[in-house]
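Here is the structure we will look at, set down as structure tokens.
All of the numbers you see were taken from the coordinates with simple rules; none came from a lab. Keep in mind the model is a prediction, meaning the values are calculated, not measured. Glycine gets a Cβ as well: all are built from the backbone with ideal geometry, and neighbour counts include every protein chain shown.
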Amino acid sequence: MNNQLSLHIPGLINQIKSFQPEQALKHLSAQFGEKVVFSSSFSYEDQVITHMIATQQLPIQIFTLDTGRLFTETYSVWSSTISRYQNNIKAYYPQHDLLESFVQEKGPNAFYESVENRKNCCYIRKVEPLKRALKGNAIWVTGLRAEHSAARQDLQSIEWDESNQIIKYHPILDWTTEQVAAFIREHNIPYNPLHDKGFVSIGCAPCTRAIKSGEDFRAGRWWWEEADKKECGLHEHK
């Protein structure tokens, strides 16, 4: 950790250790102002956090990465979220020159052909836009949960992201799927109907499928690849 921001982490962990997520979000936004941003893919988890931010009217900028290949249902819940909370969700898009070159050279479905192609596609459509969205900010709020994958079991709720030089905060890291679903129901929060059809982790339409009974949480993402290859680069854990 070589950024001055990283020096805040021990103090922040101590300050919010007894806080509920709503309280912690309020505390962080009070301390860092408009330098706190939240990335939403309109998943179950992200809708919970959006509700916490919007109902407290916190000055946390909510943004999303529009890859250009999202499900129709994702765009629908995006619209429903704006209508419900009257909030401004900023969209970041791939750089057109990078995307045009990739598709022209490799083809529109090249990500099925190799892990390298898929990771290049993820970089163009998600990782590079994310870096632009995070640049100059102090806190990146995410909807990561420990249940999502084995690689996330040892995560701390506040950590340092070396790649993006930013502090990450995972407010519902330890929540179970049942807790998330109960919160959604209790507050009548708009959510992606694909969750009711067996889709657990929802990304780009060509790269996401519903999972079968007994399958791993991440089995529905890039299902044609080996399990240890299934990350896109947004969240890198050593």
Cut-off under 5 Å, modelled amide H: who pairs with PHE38 long-range: GLN61, ILE62, PHE63, VAL141
To the nearest 20 debye, what is the magnitude of the charge dipole of the chain about its Cα centre, counting +1 on the Cβ of each Lys and Arg and -1 on the Cβ of each Asp and Glu? 320 debye
Set Lys and Arg Cβ to +1 and Asp and Glu Cβ to -1, take the dipole of the chain about its Cα centre, and tell me which of TRP222, SER18, CYS207 lies farthest positive. SER18
Average Cα contact separation per residue, the chain, under 8 Å, 6 or more apart, as relative contact order %: 24 percent
Cβ density ranking, 10 Å radius, fewest first, applied to LYS17, LYS106 yields LYS17, LYS106
Restricted to Cα positions, what overall size does the chain have along the principal axes? Three whole-Å values, descending. 48, 42, 34
Identify, among ILE172, ASN109, THR81, the residue whose Cα sits farthest towards the positive end of the charge dipole of the chain, taking +1 on the Cβ of Lys and Arg and -1 on the Cβ of Asp and Glu, with the dipole about the Cα centre. THR81
Expressed in nanometres to one decimal, the distance between label points 7 Å along Cα→Cβ at LEU7 and LEU98 is 3.2 nm
Which order do peptides 185-195, 115-125 fall in by mean Cβ count within 10 Å, highest first? 115-125, 185-195
Taking every pair of Cα atoms in the stretch 67-121, average 1/r, invert it to obtain the Kirkwood radius, and report Rg/Rh to two decimals. 1.12
Is there a pair in LYS90/LYS119; LYS90/LYS131; LYS90/LYS135; LYS90/LYS126; LYS90/LYS197; LYS126/LYS168 whose C-alpha atoms are over 21 Å apart, and which pairs would that be? LYS90/LYS119; LYS90/LYS197
With a cut-off of 8 Å between alpha carbons and a minimum separation of six or more residues, what is the relative contact order of the stretch 135-205 in percent? 29 percent
